[in-house]
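Step one of this worksheet: look at the structure below.
Computed from the coordinates by the stated procedures, all read-outs in this text should not be read as laboratory data. Note that the coordinates shown come from a computational prediction; the quantities given were computed from them, not determined experimentally. Virtual Cβ from ideal backbone geometry, glycine too; neighbours counted across all protein chains shown.
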Amino acid sequence: MQTRTLLKAAACAAALLALGTASAGQPFPNATIKLVVPFAPGGSTDIAARMLAEFGGRELGQPIVVDNKAGAGGSVGMEYVAKAKPDGYTLGMATVSTHGANPAVYGSRLKYDPVKDFAPVTNVATTPSVFAVNPNKVPAKTMQEFLAAAKANPGKYSFGTPGTGSLGHANIEHFMALAHVKLLHVPYKGGGQAMNDALAGQVDAITDNLPSALPHIKAGKLRALAVLSEKRSPALPDVPTYGELGFPQMGGGGWFGVVAPAGTPPEVVAKLNAAFLKAMKNPEFQKKMDDLGATLIPGTPAEFGQQIQQAIARYHKVAEMANTKAE
């Protein structure tokens with residue numbers, strides 16, 4: 001009896017082990033995927049991430065859940081992704097802030113390496129950023145008028161950004177250096193919070209990605225004075241670019257894409273890339289992004305890696321010129 005009992009127990013243990021092995025060997029993905037947005041809800045990166053989660057989840061056959069982890073211009077969320085298990089079930093929304101401006105602004109204080117700690121999956125979209133003022137606080141109707149008022153009153157006018165070291169912060173510090181003006185920087189934990197205070201008049205101006213700012217501009221709650229892009233946005237055809245205003249050094253707009261922790265298996269990265277690229281070909285996805293004023297720029301992991309390297313090089317130069325350091 002004891003022998004039979006031991007044999008049955010051994011058989012059960014072997015069956016459970018086999019079941020566990022089969023589960024572990026199931027094709028990726030076989031569980032929910034977490035997509036970390038390193039900013040508070042409501043900003044452009046968050047909007048794009050939720051669309052990507054919806055359409056990408058359909059292609060992968062598993063739900064993708066957006067997890068907002070804001071702080072330090074996106075650094076908190078990216079540090080979390082960098083330290084996550086490299087199995088494809090934790091991804092992050094990388095931006096020019098997290099993988100360009102932050103490395104330049106924070107330097108050795110940054111707790112992740114924008115290249116070594118991540119496996120690029122694909123870039124998603126590029127979007128202009130816009131400098132806009134609260135029309136109830138700022139009478140200027142053009143950037144020229146705003147600059148004249150700012151020069152006459154150094155430090156009087158404030159601008160909100162998604163955080164110290166964010167793309168918005170680095171860009172406006174760069175602009176202040178070029179235009180020889182002094183504005184008061186007010187950092188937030190995400191674009192959504194900065195936008196709320198700009199709309200409420202707690203700050204005079206805001207620099208934000210066009211997708212999240214556009215509805216408020218169209219509603220007359222904000223007045224756009226300049227867009228950061230190579231050419232004027234079709235969504236705001238009457239608003240000049242920084243280049244047209246005499247500041248071509250400001251360059252183009254930002255981007256956001258998907259990264260995984262370094263060490264994620266190449267076949268998993270390839271499957272994620274294929275799914276997200278297919279999602280971005282969906283006409284409904286394309287229309288929604290177009291309505292937001294964003295331009296899709298899907299590509300290979302290698303191409304995205306090159307874009308990250310370019311952003312790092314650019315913003316190190318910007319930080320040196322504007323003397324931008326984390327507070």
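In summary, the aspartates and glutamates within cross-link reach of K182, defined as a Cα separation below 18 angstrom excluding same-chain residues under 8 places away, comprise E145, E173, D204, E320, E327.
Considering segment 129-250, its Cα convex hull presents a mean projected area of 6.4 nm².
Please state, as a whole number in µm²/s, the translational diffusion coefficient that the Stokes-Einstein equation yields for segment 39-178 at 10 °C and 1.306 mPa s, with Rh defined as the Kirkwood radius across alpha carbon pairs. Rounded, D is 93 µm²/s. Compactness of the chain, taken as the C-alpha radius of gyration over 2.2 N^0.38 Å, stands at 1.14.
Pairs of Cα atoms nearer than 8 Å and 6+ residues apart set the relative contact order; for the chain it is 27 percent. Ranked by how many other Cβ atoms sit within 10 Å of their own Cβ, fewest first, the residues H99, H180, H174 fall in the order H180, H174, H99.
Percent relative contact order of segment 129-250, based on C-alpha pairs within less than 8 angstrom and at least six residues apart?
35 percent.
If both residues of a DSSP beta bridge must be in the chain, then about 60% of such bridges are antiparallel. As a proxy for reagent exposure, F256, F159, F55 were ordered by neighbouring Cβ count within 10 angstrom, fewest first; the result is F55, F159, F256. Helices in the chain, meaning DSSP H runs of at least 4 residues, each add -39500 (n - 2.57). Divided by all residues, the mean residue ellipticity at 222 nm is -13500 deg cm²/dmol.
Placing unit charges on the Cβ atoms only, positive for Lys and Arg and negative for Asp and Glu, gives segment 129-250 a dipole magnitude near 200 debye about its Cα centre. For segment 245-307, the dipole from Cβ point charges (+1 on Lys and Arg, -1 on Asp and Glu) about the Cα centre works out to 120 debye, to the nearest 20. Against the longest alpha carbon principal axis of the chain, how many degrees, from 0 to 90 and to the nearest 10, is the axis of helix 301-322 turned? It works out to around 40 degrees. Cross-link check: pairs K69/K116; K189/K271; K141/K281; K69/K156 evaluated at a Cα-Cα cut-off of 27 Å; pairs beyond the cut-off: K189/K271; K141/K281; K69/K156.
Note on segment 129-250: dipole from Cβ charges, positive end direction compared against G191, N209, P154; the farthest Cα belongs to P154. For segment 238-306, the gyration tensor built on C-alpha atoms gives an oblate shape. Its axis ratio a/c (a ≥ b ≥ c) is at least 1.5, and a/b is not larger than b/c. For the chain, a crude dipole built from +1 on the beta carbon of Lys and Arg and -1 on the beta carbon of Asp and Glu, taken about the Cα centre, is about 420 debye to the nearest 20. Each peptide in 104-110, 38-44 was scored by the mean count of other Cβ atoms within 10 Å over its residues; highest first, the order is 38-44, 104-110.
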